[in-house]
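The values are calculated or read from the model by the stated rules, or taken from the named source; none is laboratory data. Only a predicted model underlies this, so the values are computations on that prediction, with no experimental measurement involved. Cβ placement follows ideal geometry from the backbone for every residue including glycine, while neighbour counts extend to all protein chains displayed.
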Amino acid sequence: MSRVPNLSPIALIAGKGSLPRLLVDVFKAQNHPFVVLALKNQAEDHLVEENPHLWISFGEIGKALAYLKENKIKRIVMAGAVSRPALSDIKADWEGVKWLARLAKKALGDDSLLKALIELIEECGYQIVAPDQILAELLAPEGQLTSVVPDDQAWRDIGRGLDVLSALGPVDVGQAIVVQENLVLGIEAIEGTDALIKRVNSLQRPGRGGVLVKITKHTQDHRVDLPTIGPETIRRASQSGLRGIAIEAGKTLLLNREETLALAEEKKLFLVALGHNQCHRHL
């Protein structure tokens, strides 16, 4: 059962996707006090309807901190995908300008940006709560999750994908890769996993379909950035001719599990959750 660690007020910094909604549903079901810091052009409008909220742009640090103080917030959970804006699009307030100045000499990859944001939040006295602490039952268990199982070639493709992702992790590139018969068709970049799956549709060769491998980067902070898959991932994978998906057990959020697994069975896609040592064997 979903569990919020305690009933002190909590703030949800919300990006795209269904994960923020799941957290809001848990808060409401448990009468847990919460507020939403909704990122403009990221969070969905319906998420904030009838919920205590503040819309903020990337860089409005002072505005966000004032709202947190006003609502006596001590704990923060971050959930949902975030598309990093162009620097020219950032409308920063004074606190945001000071924070961005600290980042000026740092690489602005996804992990670097999230780590810098976490540092700022913790320096201000707030505790970061991981989504999986609240939604523990959504973490994928280890093992074969569908009746369709990978064949020998699929396992070779999974291994190839893991090798490439392990090599790219230290330079903060992507959580996902598509491999077809040992050929790398695409690696997730700033566009995200769904766009990667769509992109490789036209790149596949004749023969058995490709395999999507999606795991955590060992450099990322798992409190705010866990890989997530759901029914839409399965639909897109099927539409693009993929034949299976490999994820990391205990580190991947499996949204709408029954629907996701039923859809994978219907589309005849395998879904396998690998142990940590399998995923990060070269560390």
## Note on the structure
Going through (1) of a type in the set (V, I, T); (2) over 24 Å from L263 (Cα atoms); (3) at pLDDT 95 or above one by one, I128 fails only at (3)
## Note on the structure
Per the filter on segment 256-283, residues surrounded by 20 or more Cβ atoms within 10 Å (Cβ to Cβ), touching a Ser or Thr at 6+ places or on another chain (Cβ under 9 Å) and either under 18 Å from D132 (Cα atoms) or modelled with pLDDT of 95 or more (or both) are T260, L263, A264, L269, F270, L271, V272, A273
### Task
Residues that are without any contact (Cβ under 8 Å) to a residue 40 or more places away in the chain: find the strands (runs of 3 or more DSSP E) completely inside segment 1-72 holding 2 or more of those.
34-39, 53-56
### Task
Return only the number of the condition from (1) farther than 24 Å from V97 by Cβ; (2) surrounded by fewer than 16 Cβ atoms within 10 Å (Cβ to Cβ); (3) basic (K, R) that K69 does not satisfy.
(1)
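Each row is one residue, and each column tells you yes or no for (1) at pLDDT below 95; (2) more than 14 Å from G241 (Cα to Cα).
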position	(1), (2)
L138	yes, yes
L145	no, yes
V149	no, yes
L165	yes, yes
A189	yes, yes
Q204	yes, no
#### Entry: Residue in segment 53-61 that is on the phi > 0 side of the Ramachandran plot and modelled with pLDDT of 85 or more present
yes
### Message
L226 - would you say it is at pLDDT below 90 and surrounded by 22 or more Cβ atoms within 10 Å (Cβ to Cβ)?
### Response
yes
